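Here the structure comes first, spelled out in structure tokens, and everything after it is commentary.
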Amino acid sequence: MRDVIARALSWVLSVLAPRRPGRHSAAFLADQPEPAPVDPWSKPWPTPIPEHIRALYTPLRGEDVALTRPYVLAETTMELGVIGERRRAAALATLGVDYPYTYEGAPFPRSAFVAAAAVTV
């Protein structure tokens, strides 16, 4: 009997004194204002910024920098090709393949390999 009385009393109270919508209902969420966006950079930094820190974030001027491009020097790139060819020749030599590796100032030119039929051009 107590359960019936409690339900009747809660129904009467809900009709006479309507309550606010719950936190997870659409009506409650529609009434809420949108939060103001918080921007950490909206106000200036409170202390002066040191010059070496400011220099990190300023863009470089092409006139001030002596070597902006190329980032890799051409001489270095040419050496990498020679080193790669030496490695290829060494790897093929371990397999027993005669690779026609020549270099500037070599006592035998590439044509010597072609004449000996070691390489087909």
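The values are calculated or read from the model by the stated rules, or taken from the named source; none is laboratory data. Just so we're clear, the structure is a prediction, and the values are computed from it rather than from any experiment. All accessible areas refer to the heavy atoms of the entire protein, side chains included, with ligands and DNA or RNA removed. Shrake-Rupley method; radii C 1.70, N 1.55, O 1.52, S 1.80 Å.
Worth a mention:
- Unmet requirement for Ala117, which otherwise passes all of (1) modelled with pLDDT under 80; (2) not in a loop (DSSP other than H, G, I, E, B): (2)
- Which listed residue is within 46 Å of the chain's Cα centre (by Cα) and assigned to a loop (DSSP other than H, G, I, E, B), from Pro18, Pro37: Pro37
- Residue in the range 90-102 that is open to solvent by 90 Å² or more (accessible area, probe 1.4 Å), modelled with pLDDT of 75 or more and not polar (S, T, N, Q) present: yes
- Within the range 47-78, the residues that satisfy the criterion of being at pLDDT 80 or above and open to solvent by 100 Å² or more (accessible area, probe 1.4 Å) are Pro48, Glu51, His52, Arg54, Leu56, Tyr57, Pro59.
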